[in-house]
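The values are calculated or read from the model by the stated rules, or taken from the named source; none is laboratory data. Note that the coordinates shown come from a computational prediction; the quantities given were computed from them, not determined experimentally. Cβ: placed from backbone, ideal geometry, glycine included. Neighbour counts: every protein chain shown. Remember, those area values only see protein heavy atoms, side chains included, never the ligands or the DNA or RNA. Shrake-Rupley method; radii C 1.70, N 1.55, O 1.52, S 1.80 Å.
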Amino acid sequence: MSELIIEGLEASAAGNPILRGLDLTIRSGEVHAVMGPNGAGKSTLSHVLLGKPGYEVTGGTVTLDGEDLLAMPTWQRAHAGIFLGMQYPTEVPGVSLQEMLGASFDAADKDTAALDEALLVEAARIGFDEKFLSRALNVDLSGGEKKRNETLQLGVLQPKIAILDELDSGLDVDALRMVSQRVEAATEETGLGVLVITHYNRLLTELKPDHVHVLAKGQIVASGDAALAAELEDTGYGAYGEVEAAVAEPATPFASGVLDVFE
Amino acid sequence: MSIPVNTSFSADVAATSSLCQGATDVAADAARRTAAAVAAFELDAPSAESEAWRYGPINELDLDAYVPQLTAPTDPVLPETPAIEGAAATVTIVDGWITSIDLDADWVDKGLTVAQGDPSGRTSLDADDVDRIDRLHEAFAPAPLQITVKRSLTVDAPIVIHNHHSGAGVAAFPHVVVEAAANAEVTVVEHQTSGEGAGLAVPLVEMRADDAARLRYVTVQELDTAMWQLGRQISSAGSQASLVSGIAAFGGAYARVRTDTRLAGRGASGDLISVYYADGDQVHDFRTFQHHDAPDTLSDLLFKGTVDDRAGSIYTGLIHIHEDGRGSNAHQTNRNIKLSEDAWAWSVPNLEIENNDVRCSHASTVSPVDTDQRFYLHARGVPPTVADRLIVAGFFREVIARFPSPALQETVRGLVDTKLDRRLVAETNGNVA
């Protein structure tokens with residue numbers, strides 16, 4: 001049994017407070033959905049849990065089975081058992097999925113011989129074309145293929161807790177179903193605990209949450225069961241004080257290759 | 001007559017008869033070399049204040065520190081270079097002098113010539129566009145290596161040149177000429193190595209691909225990190241001919257290559273590729289010209305480099321579309337990854353277009369390792385040093401894939417890995433923040 005405990009988490013980006021005392025506990029086998037209006041801090045939560053540069057944790061704790069997650073560099077958080085399925089999976093030219101996961105397995109002293117087989121098995125389970133396994137990561141993949149790729153990695157890495165940030169975006173109905181079934185299966189097969197971050201109810205009709213939380217202004221302001229998600233779908237987030245303006249993600253200064261000839 | 005005298009490079013030295021090897025008229029050869037040496041010093045010294053040499057350390061060039069190699073070296077000690085299976089010919093050049101040619105007899109019969117060439121000193125360089133260094137080459141280069149491929153002959157095995165420089169204090173002026181007659185095909189792989197210390201290498205490569213010929217020339221540069229290299233490569237392609245020029249540069253203190261590619265015949269194409277990786281205090285410098293003189297010509301330049309520590313790179317390039325170049329496609333891309341704060345890269349692409357019916361693109365970037373790419377790999381459990389290594393190796397992959405043979409691609413990849421290994425070791429030892 002694993003347990004991710006987030007207590008009083010406060011974080012800011014570029015000096016702007018975004019998370020303002022967030023509490024959440026996720027255990028093995030549970031599916032939690034965090035919903036909320038744009039700018040509520042949903043993506044920030046996922047990034048802060050993995051230690052993405054550009055955010056500052058200003059208060060609170062995050063532990064995974066008692067270990068202080070916030071004290072670890074990102075790659076060690078992954079080995080501790082946290083997985084982040086990203087909203088916008090990054091294209092990495094020239095680096096294949098096999099190479100990346102091979103390096104991850106190496107770092108964890110896992111047997112890389114099992115990797116190729118695992119990749120094929122997982123690809124088949126979610127209908128991910130095998131040809132993408134040896135191609136550059138996410139390069140020239142459609143939005144849906146990128147999300148299948150994220151799900152495939154979830155299957156191969158077998159984390160304790162998965163944070164799935166807007167997993168449904170870019171997926172058609174069939175793909176959404178396959179991916180959801182794969183995640184749900186993991187909750188039973190390996191006891192995966194899931195934190196689904198989503199704006200809409202669409203994903204939750206396939207991936208049934210045990211608990212639904214509303215995140216607004218950096219805090220969990222309401223919790224309930226799946227009925228809450230359905231209710232939000234009808235009423236929107238107005239009742240939870242839709243924030244005035246979306247808080248900008250921190251800029252990643254060199255993300256897109258800046259013309260910088262005067263360095 | 002007043003000749004600014006650098007004793008090593010003086011007109012008297014240029015006239016030395018030992019350099020006249022191969023010349024039918026020794027006196028005329030001596031006179032020609034004398035004139036070139038005189039002319040060299042009548043020209044201004046190359047200067048970083050001029051556009052051609054901007055951003056680089058050329059002002060530090062001290063010719064007095066070098067002595068030209070006036071005779072063929074005896075018993076040179078050569079480092080190992082990667083073996084290339086089944087070469088059509090293997091040539092060794094030491095300090096500019098051809099010391100051995102091993103040419104398969106079958107290829108001789110078929111029409112491949114690999115031999116000491118014309119010692120007259122004539123080159124295809126534009127007489128209006130030569131500088132002191134070019135003139136010194138004219139004065140001090142031994143007879144060139146001449147590679148000639150007969151019409152319609154496909155040489156499907158590479159010609160391998162091991163071009164070695166003995167190192168400290170020596171100035172060498174290697175000269176290679178490759179001519180592929182109509183519809184011929186040839187691949188030349190030149191491996192440049194050197195002994196230790198600060199020497200000066202001034203290599204000149206001339207290439208001519210006649211109509212429909214396919215000519216590929218790849219240079220793998222592994223000079224000692226104290227060496228200076230001031231190289232030139234000049235090529236022309238006839239109608240429907242294709243040229244590939246690949247440069248993989250890893251060594252040198254200051255290693256510069258100027259590349260002039262002239263697409264002279266209709267439908268000619270040029271694929272210009274480079275991989276470079278400078279660390280420590282190295283500077284790599286590339287100056288390129290893509291001349292589209294004829295209609296429907298295609299050039300595609302992709303130069304990718306990495307700079308680490310305090311090292312730097314310079315890329316300056318010009319696409320020139322002549323008024324007769326209608327229907328031409330010209331691309332020029334230079335991308336650089338800066339692995340440390342103190343590393344630097346200049347990237348200056350330029351276009352000069354005299355015909356409107358063309359497609360041109362140029363792109364240029366200098367940036368650190370992408371933070372999002374890094375985060376993605378970290379988030380999947382890849383440790384930082386390994387992640388950077390994967391990203392940099394991945395960055396080079398597309399350009400390495402354009403090098404002619406799998407074996408050559410492997411060699412270049414291996415040399416990138418060697419640089420990355422060095423970095424990994426330095427990081428592990430805590431030398432890099």
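Within the stretch A:72-92, restricting attention to residues that are of a type in the set (Gly, Ala, Ser) and open to solvent by 10 Å² or more (accessible area, probe 1.4 Å), the residue that is nearest to the other protein chains (Cβ to nearest Cβ) is A:Ala78.
What about A:Asp111, is it farther than 30 Å from A:Gly39 by Cβ, in contact with a Phe, Trp or Tyr (Cβ under 9 Å, 6 or more places away or on another chain), away from every other protein chain (no Cβ under 14 Å) and modelled with pLDDT under 95? Give the derivation first.
Details: farther than 30 Å from A:Gly39 by Cβ: yes; in contact with a Phe, Trp or Tyr (Cβ under 9 Å, 6 or more places away or on another chain): yes; away from every other protein chain (no Cβ under 14 Å): yes; modelled with pLDDT under 95: yes.
So A:Asp111 fits the description; yes.
Consider the stretch A:118-172 and keep the residues that are under 13 Å from the mean Cα position of the chain (by Cα), of a type in the set (Asp, Glu) and not in a helix (DSSP H, G or I). The one that is surrounded by the fewest Cβ atoms within 10 Å (Cβ to Cβ) is A:Glu166.
Does the stretch B:362-374 contain any residue that is touching a Leu at 6+ places or on another chain (Cβ under 7 Å), more than 14 Å from every other protein chain (Cβ to nearest Cβ) and at negative phi? No, the stretch B:362-374 contains no residue that is touching a Leu at 6+ places or on another chain (Cβ under 7 Å), more than 14 Å from every other protein chain (Cβ to nearest Cβ) and at negative phi.
Which helices (runs of 4 or more DSSP H) does the stretch B:1-116 wholly contain that include 1 or more residues that are within 22 Å of B:Val155 (Cα to Cα) and within 22 Å of the chain's Cα centre (by Cα)? I'd like the intermediate steps shown before the answer.
Numbers: elements: B:11-14, B:26-42, B:105-110.
Output list is empty.
Only one of the numbered conditions (1) touching a strand residue (DSSP E or B) at 6+ places or on another chain (Cβ under 8 Å); (2) farther than 23 Å from B:Ile314 by Cα is violated by B:Arg397, and that is (2). For the stretch A:139-149, the criterion of a residue being in contact with a strand residue (DSSP E or B) (Cβ under 9 Å, 6 or more places away or on another chain) and more than 13 Å from chain B (Cβ to nearest Cβ) is satisfied by at least one position.
Kindly indicate the residue of the stretch B:141-193 that is among the acidic types (Asp, Glu) and within 18 Å of the chain's Cα centre (by Cα) and also most open to solvent (accessible area, probe 1.4 Å) among those meeting that condition. Please lay out each step first, then the result.
Just the residues of the stretch B:141-193 that are among the acidic types (Asp, Glu), to begin with: B:156, B:179, B:185, B:190.
If we keep only those that are within 18 Å of the chain's Cα centre (by Cα) too, we end up with B:179, B:190.
On the way: B:Glu179: 50, B:Glu190: 3 Å².
Looking at residues that are among the acidic types (Asp, Glu) and within 18 Å of the chain's Cα centre (by Cα), I get B:Glu179.
Taken over the stretch B:394-408, the criterion of being assigned to a helix (DSSP H, G or I) and either among the charged types (D, E, K, R) or buried (at least 18 other Cβ atoms within 10 Å of the Cβ) (or both) is satisfied by B:Gly394, B:Phe395, B:Phe396, B:Arg397, B:Glu398, B:Val399, B:Ile400, B:Leu408.
Go through the stretch B:180-202 and give me each residue that's part of a loop (DSSP other than H, G, I, E, B) and in contact (Cβ under 8 Å) with a residue 60 or more places away in the chain.
Residues of the stretch B:180-202 part of a loop (DSSP other than H, G, I, E, B): B:181-184, B:195-199, B:202.
Those that are part of a loop (DSSP other than H, G, I, E, B) and in contact (Cβ under 8 Å) with a residue 60 or more places away in the chain: B:Gly195, B:Ala198, B:Gly199, B:Val202.
Here is a yes/no grid of residues against (1) out of contact with any helix residue (DSSP H, G or I) (no Cβ under 9 Å at 6 or more places or on another chain); (2) surrounded by 16 or more Cβ atoms within 10 Å (Cβ to Cβ):
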| position | (1), (2) |
| --- | --- |
| A:Met1 | yes, no |
| A:Ile5 | yes, yes |
| A:Asn38 | yes, no |
| A:Ser43 | yes, yes |
| A:His47 | no, yes |
| A:Leu50 | no, yes |
| A:Gly94 | no, yes |
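Scanning the stretch A:39-91 for residues that are in contact with a strand residue (DSSP E or B) (Cβ under 7 Å, 6 or more places away or on another chain) and part of a loop (DSSP other than H, G, I, E, B), we see that the one that is modelled with the lowest pLDDT is A:Ala40. Against the test of being within 16 Å of the chain's Cα centre (by Cα), open to solvent by less than 10 Å² (accessible area, probe 1.4 Å) and hydrophobic (A, V, I, L, M, F, W, C), the options B:Leu263, B:Leu223, B:Leu200 yield a single qualifying residue, B:Leu200.
Taken over the stretch B:374-393, the criterion of being open to solvent by 10 Å² or more (accessible area, probe 1.4 Å) and closer than 15 Å to A:Ser104 by Cβ is satisfied by B:Arg374, B:His378, B:Pro383, B:Pro384, B:Thr385, B:Val386, B:Asp388, B:Arg389, B:Leu390. Restricting B:Leu230, B:Leu215 to those that are in contact (Cβ under 8 Å) with a residue 24 or more places away in the chain, under 21 Å from B:Asp260 (Cα atoms), touching a helix residue (DSSP H, G or I) at 6+ places or on another chain (Cβ under 9 Å) and assigned to a strand (DSSP E or B) reduces the list to B:Leu230.
Anything in the stretch B:191-217 that is over 20 Å from B:Phe173 (Cβ atoms) and touching a Pro at 6+ places or on another chain (Cβ under 6 Å)? List them, or say none. Passing the criteria: only B:Arg216. Of the residues making up the stretch B:100-125, those that are open to solvent by 60 Å² or more (accessible area, probe 1.4 Å) and either without any contact (Cβ under 8 Å) to a residue 12 or more places away in the chain or farther than 26 Å from B:Arg287 by Cα (or both) are B:Ile101, B:Asp102, B:Asp104, B:Ala105, B:Asp106, B:Val108, B:Asp109, B:Lys110, B:Thr113, B:Gln116, B:Asp118, B:Arg122.
Among all residues of the stretch B:88-97, there is at least one that is charged (D, E, K, R) and surrounded by 20 or more Cβ atoms within 10 Å (Cβ to Cβ). One residue stands out among those in the stretch A:93-108 that are in contact (Cβ under 8 Å) with a residue 40 or more places away in the chain and aliphatic (A, V, I, L, M): the one that is farthest from the other protein chains (Cβ to nearest Cβ), which is A:Leu97. The residues of the stretch B:229-255 that are open to solvent by 10 Å² or more (accessible area, probe 1.4 Å) and of a type outside the set (S, T, N, Q), listed by number, are B:Arg232, B:Ile234, B:Gly238, B:Val244, B:Phe250, B:Ala253.
Every residue in the stretch B:50-70 that is surrounded by 14 or more Cβ atoms within 10 Å (Cβ to Cβ) and more than 11 Å from B:Arg287 (Cβ to Cβ), please.
Within the stretch B:50-70, the subset surrounded by 14 or more Cβ atoms within 10 Å (Cβ to Cβ) is B:52-58, B:61, B:63, B:65-70.
Matches in the stretch B:50-70: B:Pro57, B:Ile58, B:Leu61, B:Leu63, B:Ala65, B:Tyr66, B:Val67, B:Pro68, B:Gln69, B:Leu70.
Applying the condition of being open to solvent by less than 10 Å² (accessible area, probe 1.4 Å) and in a loop (DSSP other than H, G, I, E, B) to the stretch A:174-208 and asking which residue is nearest to A:Ile161 (Cα to Cα) yields A:Leu192.
For A:Thr61, indicate whether it is polar (S, T, N, Q) and at the interface with chain B (Cβ under 8 Å from one of its Cβ atoms). It is false that A:Thr61 is polar (S, T, N, Q) and at the interface with chain B (Cβ under 8 Å from one of its Cβ atoms).
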